[in-house]
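Working notes, structure below.
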Amino acid sequence: MKRLGLFLTLQLIATVVFGQLSLSGIVKDVKGEALSGANVILVNTFDRTSTGIGGEFKFTNLKQGKYTVQVTFVGYKNFMTELMLNNTLKLDVIMEPANVLTEEVLVSAARAGEKSPVAYTNIGKEDIKAANFGQDIPYMLNYTPSFVATSDAGNGVGYTNFRIRGTDPTGINVTINGIPMSDGESQSTYFVDIPDMAASTENIQIQRGVGNSTNGAAAFGATIDFQTSKLNPKAYANFNSSCGSFDTYRNNVAVGTGLLDDKFAFDASLSKINSLGFIDRASADLKSFYVSGGYFTTNTILKVIAFSGFEQTYQAWNGVPSVRLHNDLEGMEQYYTDGLYTAEQTQNMINSNSRTYNLYTYKNQVDHYQQDNYQLQFSHQFNTHLNLSGSVFCVYGRGYYEEYVTDQDYASYRLTYPVINGTAIDKTDMITRKWLDNVFSGTIFSLNYKKGKNTLAVGGGANIYDGQHYGRVIWAQVAGSADMDYEWYRSNGSKKDVNIYARYNFQLSQGLNATADLQYRNINYEINGIDGNLRNITQNHEYNFFNPKFGLFYSPGVHQDAYFSFSRGNHEPTHDNLTDANPTGKQPTFETLNDFELGYKYKSPNLMLGANYYYMHYNNQLILTGQINDVGNAIMTNAARSYRTGLEMMAGIKIFKQLNWNLNATISSNKIDNFTEYVEDWDNGGTKADQIGKTDLAFSPQLTANSVLSYKPWNKLEISILSYYVGKQYIDNTASNDRKLNAYFVNNLRFEYKLKQRLLRELKIKLLINNILNEQYESNAWVYSYLTNGKRNKMDGYFPQAGTNFLLSASIGF
């Protein structure tokens, strides 16, 4: 660290001593009107800024040399010029109206901009393409601040999970083109349902913390917004193919017409991904398509988008028991003694590989789901200051997970006991399917005004979620007179969500901006019917949330930015929080987060340094305590007070022209002020309470760090070392070293080689070698504790990740 600090200091001294030139200018339209808020970038450097009220911009402390200046502004053609800087230079930029309205206007209301008092990260198309080998989206975002990804199958294909600042997906709002994607009931986003979405993604923005007001579920840890493929004015065709370890294959073809008759454009993409997975039988069969058609004029966009995904994954969500990981024979036998596993299951565990063991052996123990997404987008620019965007959408999902279950009581399925040879049979083996059939539809809008010192966005949305939950018995070893495909339970969840927000940004003085962002949200959620345990879960809830946000953004110098913000977010309980609650106990209520953010960034052509301090204080955060409901399901209860606080540090260094290093680290403390754990007492019935007091929040490492070191020995070849470190994590809220994930440090190596051909627009070969040091680690886990014979025992599951493995990819572009 001392050497790194000395190196950064020398970089700063060199910048001051040798960088004495400046580049300034004014950005105007063809009528001579100054354009305030235009983005000005020095390409291939860390330097970027936005124009002031008079359209002015300035870069200082530049070295002599060649620079490329890029200027962008909604409704205008991109301006780009290359210049040789030998002396201080002033540049007059005249922006010409675009032939067609640019699609950034469709997502601009939800996105943080250059002067937003928000902690955010942008990921561009080239970075997305470089990272896309067919692994799930979280593995492409794994090198952003405070981000931790994990995979059920162990190789990033199929079901994945992620956390940002320790918050799981139920507290992370995901939108595509500003349209909410988080499931209305679980409030999670399952990227496996939209496989290879990266192939049709233009850019991604992650806002950490509460962030801007947007549509969809409340952001308790972050917001992730995807913008799908923008207009490509030229016709194209691309073919991408990957293969690698664990019989992993990805094939994708994408085509586009370009702009036809200067008004119309059509794009399509088709993908298929298969993998056997690192874990035994953790296979994935994934298919997806994306199609869009658009009508474009200088001031209007009308675009229709349809994308769909199908996934069939073999269930690997049970994990590997710690006794199997540690080759603890006595502990494995205890699983049978305590009735956790059957004799056959216990023997199978004993005979299995300690890192790839999977409880399930039934050949069709699968999750089978299809999700169709439809979006109609409209945007109109009335003039250079005012535009309106809106979308209507519909998401239709349907599918099931199938299970082989043993020794099931007929009464638990509302079936009569069959009588064979005069003897009533009370239990049998069964195959069941639990179905979810859901429709999520709605509309969003935003009206955006920008002139001089003022920027105003007024937006909102309304949506309805309808989810049908039901279960069917499709086979029984002893069926008796029961009809197969018999439905034993059904419930319905209906959720209506309306929100409206107004965000106003005002320039108080040169370099100082203030932002006020106010949102009102109303949710009505009604549940009717019975669940799989035949419990009546009928209930109705209504929530009214007011979410204010205020911030200041200050530029003390050309190369420096600072901001402070306060934001409040309110978050309703999920479907499981409500239905798993003990009917005779305390019912879950909504959570409230007060989020304070303080950030600073220094940027010059060859150096970027940033830091963001956050303090996130929760009232009534929903946490696991070990409590169970009347049928033994774990329930979540509200903790009165808890918090997350941390320092996110980012750096980017151009060590020399061919060598770039981007890195970030987060140091955090994540606590519950007063925690009581409950452990089920199998000896005496009920639960035993343990007053622990102040403790660590589960799955919240004190240190995470990521690094991407890229070297270009020549233009055609790029070599990158990609590293991430995740510190120790506890898997429950007791801070017990008996129930934790060990820290891990993983290094990947990526090669990218480009060939130019006369007949081909592009030919690219990529190789990704994951976990080059063959680190053995687990990235996720769960645990259930119980008392028996006066001793505390546990049933748990850890998720081992693959050792050294590879993915090889070829891309051809016409």
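The values are calculated or read from the model by the stated rules, or taken from the named source; none is laboratory data. What you see is a predicted model; the values in this text were computed from it and never measured. Neighbour counts run over all protein chains shown; Cβ positions are idealised from the backbone, glycine included. Each accessible area value is taken on the protein alone, full model and side chains, heavy atoms only, with ligands, DNA and RNA left out. Shrake-Rupley method; radii C 1.70, N 1.55, O 1.52, S 1.80 Å.
Selection of first residues in the range 788-806 that are closer than 13 Å to ASN684 by Cα and of second residues that are among the hydrophobic types (A, V, I, L, M, F, W, C) and surrounded by fewer than 21 Cβ atoms within 10 Å (Cβ to Cβ), restricted to Cβ pairs under 7 Å at least 6 apart or on distinct chains, gives the following pairs, ordered by first then second residue: THR788/TRP682.
When the criteria are applied in full, ASP127 fails the requirement of being in contact with a Phe, Trp or Tyr (Cβ under 6 Å, 6 or more places away or on another chain) and either surrounded by 22 or more Cβ atoms within 10 Å (Cβ to Cβ) or more than 22 Å from THR804 (Cβ to Cβ) (or both). Listed conditions (1) touching a residue at least 60 places away in the same chain (Cβ under 8 Å); (2) under 19 Å from ALA222 (Cα atoms) are all met by GLN135, apart from (2). Please determine whether any residue of the range 654-671 is over 30 Å from ILE41 (Cα atoms) and modelled with pLDDT under 95. No, every residue in the range 654-671 fails to be over 30 Å from ILE41 (Cα atoms) and modelled with pLDDT under 95. Would you check if there is a residue in the range 734-755 being hydrophobic (A, V, I, L, M, F, W, C), assigned to a strand (DSSP E or B) and at pLDDT below 95? There is at least one residue in the range 734-755 that is hydrophobic (A, V, I, L, M, F, W, C), assigned to a strand (DSSP E or B) and at pLDDT below 95.
One residue stands out among those in the range 272-296 that are among the hydroxyl-bearing types (Ser, Thr, Tyr) and out of contact with any Lys or Arg (no Cβ under 7 Å at 6 or more places or on another chain): the one that is farthest from ASP367 (Cα to Cα), which is TYR290. Among the residues of the range 403-439, those identified as under 14 Å from GLY532 (Cβ atoms) and basic (Lys, Arg) are ARG414, ARG433, LYS434. Return the residues of the range 241-296 that are open to solvent by 30 Å² or more (accessible area, probe 1.4 Å) and either touching a helix residue (DSSP H, G or I) at 6+ places or on another chain (Cβ under 7 Å) or not in a strand (DSSP E or B) (or both); say none if nothing qualifies. Answer for the range 241-296, where residues must be open to solvent by 30 Å² or more (accessible area, probe 1.4 Å) and either touching a helix residue (DSSP H, G or I) at 6+ places or on another chain (Cβ under 7 Å) or not in a strand (DSSP E or B) (or both): PHE246, ASP247, THR257, LEU259, ASP261, ASP262, LYS263, LEU276, PHE278, ASP280, ARG281, SER283. Among the residues of the range 526-543, those identified as in a strand (DSSP E or B) and over 17 Å from ASN215 (Cβ atoms) are GLU526, ILE527, ASN528, GLY529, ILE530, ASN536, GLN539, ASN540, HIS541, GLU542. Look at the range 43-61: where a residue is aliphatic (A, V, I, L, M) and a partner is assigned to a loop (DSSP other than H, G, I, E, B), sitting 6+ places away or on another chain with Cβ atoms under 8 Å, you get ILE53/SER36; ILE53/GLY452; ILE53/LYS453. Residues of the range 534-553 that are within 19 Å of GLY113 (Cα to Cα), aromatic (Phe, Trp, Tyr) and open to solvent by less than 80 Å² (accessible area, probe 1.4 Å): PHE553 alone.
Of the strands (runs of 3 or more DSSP E) lying entirely inside the range 14-112, those carrying at least 1 residues that are out of contact with any Gly (no Cβ under 9 Å at 6 or more places or on another chain) and open to solvent by 70 Å² or more (accessible area, probe 1.4 Å) are 48-50, 65-72, 79-85. Screening ASN161 with (1) of a type outside the set (Lys, Arg); (2) open to solvent by 10 Å² or more (accessible area, probe 1.4 Å); (3) in a loop (DSSP other than H, G, I, E, B) gives one miss only, at (3).
If you check ASN780, ASN774, which single one turns out to be polar (S, T, N, Q), farther than 15 Å from VAL157 by Cα and open to solvent by 20 Å² or more (accessible area, probe 1.4 Å)?
Numbers: ASN780 fails: open to solvent by 20 Å² or more (accessible area, probe 1.4 Å).
The match here is ASN774.
Condition test on ASN522, is it closer than 27 Å to TYR396 by Cβ, in a strand (DSSP E or B) and without any contact (Cβ under 8 Å) to a residue 40 or more places away in the chain? Yes.
Can you tell me how many residues in the range 395-450 are among the charged types (D, E, K, R) and under 36 Å from the mean Cα position of the chain (by Cα)?
The total comes to 7.
Scanning the range 472-499 for residues that are touching a Ser or Thr at 6+ places or on another chain (Cβ under 6 Å) and surrounded by 20 or more Cβ atoms within 10 Å (Cβ to Cβ), we see that the one that is nearest to VAL439 (Cα to Cα) is VAL473.
Checked against the criteria, GLY626 does not count as assigned to a strand (DSSP E or B) and open to solvent by less than 30 Å² (accessible area, probe 1.4 Å). Scanning the range 189-239 for residues that are of a type outside the set (Lys, Arg), assigned to a loop (DSSP other than H, G, I, E, B) and more than 23 Å from LYS549 (Cα to Cα) gives THR189, TYR190, ILE194, PRO195, ASP196, SER229, LEU231, ASN232, PRO233, ALA235.
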